[in-house]
Amino acid sequence: MSDLLVAYGLDDRVATLYSHESSLLTGLVSEERTDDPDARLALGRVVRVERTRCLAATAAGLCLVEPDGVISRRAGLAAPPVSGDWVVLAAQPGSDPAVVGILPRRSELSRRAPGDRADPRQVLVANIDVLAIAVPLDRPFSASRVERTLVLAWESRALPLLVLTKADLAEDVEQVATAAETIALGVDVIVTSGVTGVGADELLTIVAGGTLAFIGPSGSGKSTLVNTIVGSEVQRTGDVRWLDSRGRHTTTSRDLVPIPGGGVLLDTPGLRGLGLLDAEAGMATTFADIEELASQCRFSDCGHASEPGCAVAAAIGAGDLDRRRLDNYQKMVRELAHEKRRAGQASYAERRQLRARFIAMHREAGPTRLDERRQSRG
Ligand SMILES: Nc1nc2c(ncn2[C@@H]2O[C@H](COP(=O)(O)OP(=O)(O)OP(=O)(O)O)[C@@H](O)[C@H]2O)c(=O)[nH]1
Ligand SMILES: [Mg+2]
Ligand SMILES: [Zn+2]
């Protein structure tokens, strides 16, 4: 396989999967490409996704590919690929290659997209080994936001890592690091600065030839760190509003950036919303302490308010658990329950729609029993 694919993270597992998947796909694609029977299927990694096209690294170089054209749809893609995906490509005469398959993902970061869509799940990036959560030291530390991001990170199956950024701008680095370690159970916390280069070597060691994605608020220095690690200005960076230290959403796409010595970084835009969707596993790992305490409460449905024999309330009373952490946990539990109900309602709405369509279909064939009954009642 080509050097470019290796630079974009190709390993034995992907190569094996590809040979397996592509043989499965050959039948489907050759049917579509009657005018060029010799064109073979190719392997690619999605480097960037735009609205209707995406850029993929292939053995032949970087090329634009069509993620949802006719061939892609006929190949049965349930959803277009995302940055980090390994895809199977088929040549199309006169246009960009089509994506005809997505290899099974070893991890995927998804969230509940803002707004009211029929399918609210939005997959952001795929095949990430380490999910580096940028926590900027130039603004107040938000424990609740970090906890929420950790839930999504654990749920993704990638290994979360807390990266405190802009250390050169802060005086309370040790204090924030301790606060971060306290809430991020079992997660490494590292201190970095894109300006002084502190922590860059440590990050490089952690990448270890795999794929590391940065997520975190706008202006937290994600792109700056990518540039520092790679050693050149590959990613554009933006200034921060002096009034509230918020970023200006400089990065607008999710981009894979190869590191010269091996390994891949994935720079992402600052996320505004971090909605949860089916994140039970992420919750259980992030809040293992609370769930362990809750299992010791006298009542299995304890609300941890004023119930007798509540182990969670006892821990708060003893100073072993932060009330804020419990509140944040319970808020997310409610959010997940709400999403579940919503999903249930959607399927109820679908059932009603189906029923209406069924009745309409039968009406075309003649009056339904319901109509007859209505008529007989007058
Ligand atoms: N002093 C200092 N400034 C930094 C550091 N890292 C980034 N900055 C500055 O902070 C601003 C935002 O940095 P970016 O790297 O663009 O932030 P980002 O997280 O990529 O932001 P979005 O792309 O908007 O999500 C820029 O003006 C950077 O120069 C750092 O370690 N120290
Ligand atoms: Mg950026
Ligand atoms: Zn309780």
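Take the residues in the stretch 235-252 that are within 12 Å of K222 (Cβ to Cβ) and touching an Asp or Glu at 6+ places or on another chain (Cβ under 7 Å), then tell me which one is modelled with the lowest pLDDT.
So in the stretch 235-252, the residues within 12 Å of K222 (Cβ to Cβ) come out as 235-238, 247, 249-251.
Now drop any that are not touching an Asp or Glu at 6+ places or on another chain (Cβ under 7 Å), which leaves 235, 251.
Numbers: Q235: 80, T251: 75.
Step by step, filter the stretch 235-252, then rank; the result is T251.
What are the pairs, 6+ residues apart or on separate chains, where a residue within the stretch 310-339 that is free of Cβ contacts under 8 Å to residues at least 12 places away in the same chain has its Cβ under 7 Å from a residue that is surrounded by fewer than 17 Cβ atoms within 10 Å (Cβ to Cβ) and not aliphatic (A, V, I, L, M)?
As it stands, the answer is I316/R323, since those pairs meet every condition given.
Take the conditions under 13 Å from the mean Cα position of the chain (by Cα) and buried (at least 19 other Cβ atoms within 10 Å of the Cβ) and apply them to I133. Does it pass? Break it down stepwise before answering.
Working: under 13 Å from the mean Cα position of the chain (by Cα): yes; buried (at least 19 other Cβ atoms within 10 Å of the Cβ): yes.
So I133 fits the description; yes.
Condition check ((1) buried (at least 19 other Cβ atoms within 10 Å of the Cβ); (2) in contact with an Asp or Glu (Cβ under 7 Å, 6 or more places away or on another chain); (3) of a type in the set (S, T, Y)) across all residues:
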site: V87; (1), (2), (3): yes, no, no
site: Q92; (1), (2), (3): yes, no, no
site: S95; (1), (2), (3): no, yes, yes
site: S110; (1), (2), (3): yes, no, yes
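If you check every pair at least six apart or on different chains, which have Cβ atoms under 6 Å apart with a residue in the stretch 273-289 that is farther than 12 Å from G186 by Cβ first and a residue that is of a type in the set (D, E) and surrounded by fewer than 19 Cβ atoms within 10 Å (Cβ to Cβ) second?
The qualifying pairs are L276/E335; L277/E339; A284/E291.
Residues being in a strand (DSSP E or B) and closer than 20 Å to I71 by Cα: count how many of those fall in the stretch 88-113.
Here is the first cut: in the stretch 88-113, the ones in a strand (DSSP E or B) are 88-92, 95-102, 108-112.
Narrowing the set further to residues that are closer than 20 Å to I71 by Cα leaves 88-92, 95-102.
Qualifying residue count, the stretch 88-113: 13.
Would you check if there is a residue in the stretch 299-310 being at pLDDT 95 or above, surrounded by 11 or more Cβ atoms within 10 Å (Cβ to Cβ), part of a helix (DSSP H, G or I) and within 14 Å of ligand 3 (Cβ to nearest atom)?
Taking every residue of the stretch 299-310 in turn, none turns out to be at pLDDT 95 or above, surrounded by 11 or more Cβ atoms within 10 Å (Cβ to Cβ), part of a helix (DSSP H, G or I) and within 14 Å of ligand 3 (Cβ to nearest atom).
Within the stretch 145-187, track down each residue that is closer than 17 Å to T285 by Cβ, of a type outside the set (A, V, I, L, M, F, W, C) and surrounded by 15 or more Cβ atoms within 10 Å (Cβ to Cβ). Break it down into steps so the answer makes sense when it comes.
Within the stretch 145-187, the subset closer than 17 Å to T285 by Cβ is 146-162, 180-187.
With the extra rule that they be of a type outside the set (A, V, I, L, M, F, W, C), the set shrinks to 147-149, 155-157, 160, 181-182, 186.
Once the filter is applied, which keeps residues that are closer than 17 Å to T285 by Cβ, of a type outside the set (A, V, I, L, M, F, W, C) and surrounded by 15 or more Cβ atoms within 10 Å (Cβ to Cβ), the stretch 145-187 yields E147, R148, T149, E155, S156, R157, P160.
Can you find a residue in the stretch 328-335 that is at pLDDT 95 or above and within 17 Å of the chain's Cα centre (by Cα)?
no
Could you grab me the full set of residues in the stretch 253-283 that are closer than 22 Å to E147 by Cβ and at pLDDT 95 or above?
Initially, the stretch 253-283 is screened for residues closer than 22 Å to E147 by Cβ, giving 268-283.
G282, M283, listed by residue number.
In this structure, does S142 turn out to be more than 30 Å from V46 (Cα to Cα), of a type in the set (S, T, Y) and touching a strand residue (DSSP E or B) at 6+ places or on another chain (Cβ under 9 Å)? Even if it seems obvious, please write down each step before you answer.
Numbers: more than 30 Å from V46 (Cα to Cα): yes; of a type in the set (S, T, Y): yes; touching a strand residue (DSSP E or B) at 6+ places or on another chain (Cβ under 9 Å): yes.
It is true that S142 is more than 30 Å from V46 (Cα to Cα), of a type in the set (S, T, Y) and touching a strand residue (DSSP E or B) at 6+ places or on another chain (Cβ under 9 Å).
Answer yes if at least one residue in the stretch 154-167 is part of a helix (DSSP H, G or I), farther than 18 Å from T268 by Cα, among the aliphatic types (A, V, I, L, M) and modelled with pLDDT of 95 or more, and no otherwise.
Checked against the condition, which is being part of a helix (DSSP H, G or I), farther than 18 Å from T268 by Cα, among the aliphatic types (A, V, I, L, M) and modelled with pLDDT of 95 or more, the stretch 154-167 yields at least one hit.
Limited to the stretch 43-75, what total is found for residues that are over 26 Å from D11 (Cα atoms) and among the hydroxyl-bearing types (S, T, Y)?
Going through the stretch 43-75 one residue at a time, the tally reaches 1.
If D320 satisfies every condition in (1) at pLDDT 95 or above; (2) farther than 23 Å from G186 by Cβ but one, which is the exception?
Just one mismatch for D320, condition (2).
The values are calculated or read from the model by the stated rules, or taken from the named source; none is laboratory data. Because the structure is a prediction, the values reported are computed rather than measured. Heads up, the Cβs are rebuilt from the backbone with ideal geometry, glycines too, and the neighbour counts pull from every protein chain shown.
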